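The values are calculated or read from the model by the stated rules, or taken from the named source; none is laboratory data. All figures in this text were calculated on a predicted structure; none of them were measured in a lab. A quick note on method: Cβ atoms are made from the backbone with ideal geometry, for glycine too, and the neighbour counts reach across all protein chains shown. SASA here: full protein model, heavy atoms, side chains in, ligands and nucleic acids out. Shrake-Rupley method; radii C 1.70, N 1.55, O 1.52, S 1.80 Å.
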Amino acid sequence: MAPWLRSCLRCYRSGVRLLLRPDAACRRGCSSVQGEVRVRFAPSPTGFLHLGGLRTALYNYIFAKRYGGAFILRLEDTDQSRLVPGAAESIEDMLEWAGVPPDESPRRGGPAGPYLQSQRLDLYSQTAQQLVETGHAYYCFCSPQRLELLKKEALRSGQTPRYDNRCRHLRADQVQGKLAQGVAHVIRFRLEAGVEPFEDLVFGWNRHEVAEVEGDPVVIKADGFPTYHLANIVDDHHMKISHVLRGSEWLISTSKHLLMYRALGWTPPTFGHLPLLTNKDGSKLSKRQGDIFIQSFQRDGILPEALLDITTNCGSGFTTNRIGRTIDELISEFNPSKITTHSALLELEKLPEFNRIHLEKRIEKEEHCKLLIQHLREKIQQVYTAELQHEEVLQEDYIKRVLHLRKGHISSLKELVGPGYAFLWVRPSFSSQQVAVLTTEAQLIASLVLKLIEAYGEELTVDRLSKDLKIMAKQTKATKYSDVMKLLRLTLSGLQQGPSVAEMMVSLGPAEAINRFQKLLLLSETS
């Protein structure tokens, strides 16, 4: 563990964040004094939020809350040609839905705004001009055609394409002449040798001599918009970002960014590069997979806490690794020193199990259960509309009873409006032929069950019913116990499988159970 981080965690654990003079190493490395930790999630609205992006946002959010800091959402929308309509709004919607809302954002505002890069162009232009004036950047007039030829030639010779830095050698009078003529140009940052090593929170000491392997990067494009390399360091500086937690694919670019910080005379934040979130087979998550977008999980009835749980459970950075953790538990158990460099293998096939556990937790909490009841009621009305057996199935007590009986058995509310549970909302149909296959004693069995229900009154319980149904089944003369249960299940649900017969009866309630067995009785009498 880095020395400053050990110091930081000592400060946190000993409760000295409010001291006027915190440990110097802690102050430099983690800024763990109350209110100084500022982290950001900075996606590009060229697409909708997916699971990899949510995981990055989640680690930033947890880090901020663990150390009493602020979590900022900044949208890097400078690539205007690739913007997806509605993506910017959707990203913030999905963060709020997931339970990781930003403290500052385009929607919420804040002291360091605006939080859309397209509204900060003057700031980037001024910074680029400063770099030009100090000799750390220069105007490049190379045409797209020349750059394409350089690329093709490099590929032809088996080399990595890179700019040859031709325009850094133009004389001042040549530059002024081209500018006066209005020649299209970009601004490039002058990469220099002598990169200083930096200590990453996760990957330890790193150093990449970027000048040896890359050409000078563009920082301002021909359309006046900045590239990521300039915009992200300008915004991080002016937004007073203390820690940059981002994907490990940016690790190799950090030395380049540190050169820019040095050229501008700015103190860089502390960097921590998170290992990749990958598919179970180790392949990178791809937006083309389609099913990794947060909106699709929301649409499929996945609970946000289940998504947060599975994306941290498959990774690292926590003192425990168990299913069922809430966001508050994730925050309290977070330990940056436990983040490893290994890729996090995501096993999405386990998501239903995560969802089942978190759904059970929600059902058990009164305030959360009320929201589930409301949501399920809406789904029932959408799916069954005019088919509903009666309005009572939409009552809070009825739906609540169903949820409590099924908790631990279902993975999502969507299951409850599927064919396997239609009997809860719509009276099933069955034929005398189906009954005849099971028994010739249907009339006797229906009468026995009706007497049993009437004896109970309003107090039906699963355990007691299970025992009494077994006793009742012994009163038949020619029907096996298993066939008695099949007949009762057919009468209650029209199905051959599902919850126990006793649970079905308790779910439906005495009045509806009586209604269904009276139908069996009438069918038996007329056949």
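Return yes when His409 is open to solvent by 50 Å² or more (accessible area, probe 1.4 Å), outside the structural domain of Val506 (by the TED database) and outside any helix (DSSP H, G or I) and no when it is not.
Values: open to solvent by 50 Å² or more (accessible area, probe 1.4 Å): yes; outside the structural domain of Val506 (by the TED database): yes; outside any helix (DSSP H, G or I): yes.
So His409 passes the test.
Go through segment 215-250 and report how many residues are among the β-branched types (Val, Ile, Thr), within 26 Å of the chain's Cα centre (by Cα) and part of a loop (DSSP other than H, G, I, E, B).
Residues in segment 215-250 being among the β-branched types (Val, Ile, Thr), within 26 Å of the chain's Cα centre (by Cα) and part of a loop (DSSP other than H, G, I, E, B): 1 in total.
Here's a check for you: in segment 341-358, which residue that is open to solvent by less than 50 Å² (accessible area, probe 1.4 Å) and not in a helix (DSSP H, G or I) is nearest to Leu276 (Cα to Cα)? Lay out the reasoning, then the answer.
As a first pass, look at segment 341-358 and keep what is open to solvent by less than 50 Å² (accessible area, probe 1.4 Å): 344, 346, 348, 351, 354-355, 357-358.
If we keep only those that are not in a helix (DSSP H, G or I) as well, we get 344, 346.
Working: Ala344: 6, Leu346: 10 Å.
Ranking the qualifying residues of segment 341-358, first place goes to Ala344.
Within the bounds of segment 419-437, is there any residue that is touching a Phe, Trp or Tyr at 6+ places or on another chain (Cβ under 7 Å) and not in a loop (DSSP other than H, G, I, E, B)? So that I can check it myself, show each step before the final result.
To start, the set of residues in segment 419-437 that are touching a Phe, Trp or Tyr at 6+ places or on another chain (Cβ under 7 Å) comprises 425-426.
Of the ones still in play, those that are also not in a loop (DSSP other than H, G, I, E, B) are none.
Taking every residue of segment 419-437 in turn, none turns out to be touching a Phe, Trp or Tyr at 6+ places or on another chain (Cβ under 7 Å) and not in a loop (DSSP other than H, G, I, E, B).
Output the residues belonging to segment 323-353 that are of a type in the set (D, E, K, R) and under 18 Å from the mean Cα position of the chain (by Cα). Full working, then the answer.
Of the residues in segment 323-353, the ones of a type in the set (D, E, K, R) are 325, 328-329, 333, 338, 347, 349-350, 353.
Arg325, Asp328, Glu329, Glu347, Glu349, Lys350, Glu353 - these are the residues of segment 323-353 that are of a type in the set (D, E, K, R) and under 18 Å from the mean Cα position of the chain (by Cα).
With the checklist (1) charged (D, E, K, R); (2) in contact with a His (Cβ under 6 Å, 6 or more places away or on another chain); (3) modelled with pLDDT under 90 in hand, flag the one item Asp281 doesn't pass.
(2)
Take the residues in segment 513-527 that are within 47 Å of the chain's Cα centre (by Cα) and surrounded by fewer than 19 Cβ atoms within 10 Å (Cβ to Cβ), then tell me which one is farthest from Asp468 (Cα to Cα).
The selected residue is Asn515.
Kindly establish whether Leu460 is under 47 Å from the mean Cα position of the chain (by Cα) and open to solvent by 10 Å² or more (accessible area, probe 1.4 Å).
Working: under 47 Å from the mean Cα position of the chain (by Cα): yes; open to solvent by 10 Å² or more (accessible area, probe 1.4 Å): yes.
Yes; evaluated as a whole, the condition is true for this residue.
Among the residues of segment 337-349, count how many are charged (D, E, K, R) and under 13 Å from Thr312 (Cα atoms).
2
Report whether or not Pro43 is closer than 19 Å to Phe271 by Cβ and not in a helix (DSSP H, G or I). Even if it seems obvious, please write down each step before you answer.
Values: closer than 19 Å to Phe271 by Cβ: yes; not in a helix (DSSP H, G or I): yes.
Against the criterion (closer than 19 Å to Phe271 by Cβ and not in a helix (DSSP H, G or I)), Pro43 qualifies.
Is it true that some residue in segment 241-256 is in the same structural domain as Ala154 (by the TED database), at positive phi and open to solvent by 10 Å² or more (accessible area, probe 1.4 Å)? Don't jump to the end; show me each part of the working.
Going residue by residue through segment 241-256, those that are in the same structural domain as Ala154 (by the TED database) are 241-256.
Next, only the ones that are at positive phi stay: none.
For segment 241-256, residues in the same structural domain as Ala154 (by the TED database), at positive phi and open to solvent by 10 Å² or more (accessible area, probe 1.4 Å): absent.
Select the helices (runs of 4 or more DSSP H) contained entirely in segment 284-333, then report the ones holding at least 2 residues which are farther than 15 Å from His50 by Cα, modelled with pLDDT of 95 or more and open to solvent by 40 Å² or more (accessible area, probe 1.4 Å).
On the way: elements: 294-299, 304-313, 327-333.
Passing ranges, in order: 327-333.
Filter segment 432-451 down to the residues that are open to solvent by 30 Å² or more (accessible area, probe 1.4 Å) and touching a residue at least 12 places away in the same chain (Cβ under 8 Å) and list them by number.
Correct list: Ser432, Gln434, Ala436, Leu438, Thr440, Gln443, Leu444, Ser447.
Going by what's in this entry, would Ser507 be described as among the polar types (S, T, N, Q), within 22 Å of His409 (Cβ to Cβ), out of contact with any helix residue (DSSP H, G or I) (no Cβ under 7 Å at 6 or more places or on another chain) and not assigned by the TED database to the domain that holds Leu416? Step through it out loud before you land on a result.
Values: among the polar types (S, T, N, Q): yes; within 22 Å of His409 (Cβ to Cβ): yes; out of contact with any helix residue (DSSP H, G or I) (no Cβ under 7 Å at 6 or more places or on another chain): no; not assigned by the TED database to the domain that holds Leu416: yes.
Here the answer is no, as Ser507 does not meet what is asked.
Which condition number in (1) within 16 Å of Asp235 (Cβ to Cβ); (2) touching a strand residue (DSSP E or B) at 6+ places or on another chain (Cβ under 7 Å) is the one that Val132 fails?
All conditions are met except number (1).
Give the residue that is nearest to Ser493 (Cα to Cα), with candidates limited to residues of segment 353-398 that are in contact (Cβ under 8 Å) with a residue 24 or more places away in the chain and of a type in the set (Lys, Arg).
Of everything passing the filter in segment 353-398, Lys379 is nearest to Ser493 (Cα to Cα).
When segment 226-240 is examined, which residues are found to be crowded, with 18+ Cβ neighbours inside 10 Å and of a type outside the set (Asp, Glu)? Step through it out loud before you land on a result.
As a first pass, look at segment 226-240 and keep what is crowded, with 18+ Cβ neighbours inside 10 Å: 226-228, 230-237, 239.
Hits for segment 226-240 are Pro226, Thr227, Tyr228, Leu230, Ala231, Asn232, Ile233, Val234, His237, Met239.
Leu274 - would you say it is open to solvent by less than 10 Å² (accessible area, probe 1.4 Å) and of a type outside the set (D, E, K, R)? Steps first, please.
Values: open to solvent by less than 10 Å² (accessible area, probe 1.4 Å): yes; of a type outside the set (D, E, K, R): yes.
The answer is yes for Leu274.
Go through the residues of segment 56-67 one by one and say whether even a single one is surrounded by fewer than 22 Cβ atoms within 10 Å (Cβ to Cβ) and of a type in the set (Gly, Ala, Ser). Before the answer, list the steps.
Going residue by residue through segment 56-67, those that are surrounded by fewer than 22 Cβ atoms within 10 Å (Cβ to Cβ) are 56, 65-66.
The next check asks that each one be of a type in the set (Gly, Ala, Ser); those that pass are none.
No: zero hits.
Would you tally the residues in segment 257-271 being of a type in the set (Phe, Trp, Tyr) and open to solvent by 40 Å² or more (accessible area, probe 1.4 Å)?
Residues of segment 257-271 of a type in the set (Phe, Trp, Tyr): 261, 266, 271.
Subset that is open to solvent by 40 Å² or more (accessible area, probe 1.4 Å): 266.
Matching residues across segment 257-271 total 1.
Quick test for you: out of Ala478, Ala502, Ala513, pick the one residue that is without any contact (Cβ under 8 Å) to a residue 40 or more places away in the chain and small (Gly, Ala, Ser).
On the way: Ala502 fails: without any contact (Cβ under 8 Å) to a residue 40 or more places away in the chain; Ala513 fails: without any contact (Cβ under 8 Å) to a residue 40 or more places away in the chain.
On inspection, the qualifying residue turns out to be Ala478.
With respect to Ser466, is the statement that it is in contact (Cβ under 8 Å) with a residue 24 or more places away in the chain, closer than 30 Å to Glu305 by Cα and surrounded by fewer than 19 Cβ atoms within 10 Å (Cβ to Cβ) true?
Details: in contact (Cβ under 8 Å) with a residue 24 or more places away in the chain: yes; closer than 30 Å to Glu305 by Cα: no; surrounded by fewer than 19 Cβ atoms within 10 Å (Cβ to Cβ): yes.
In short, no.
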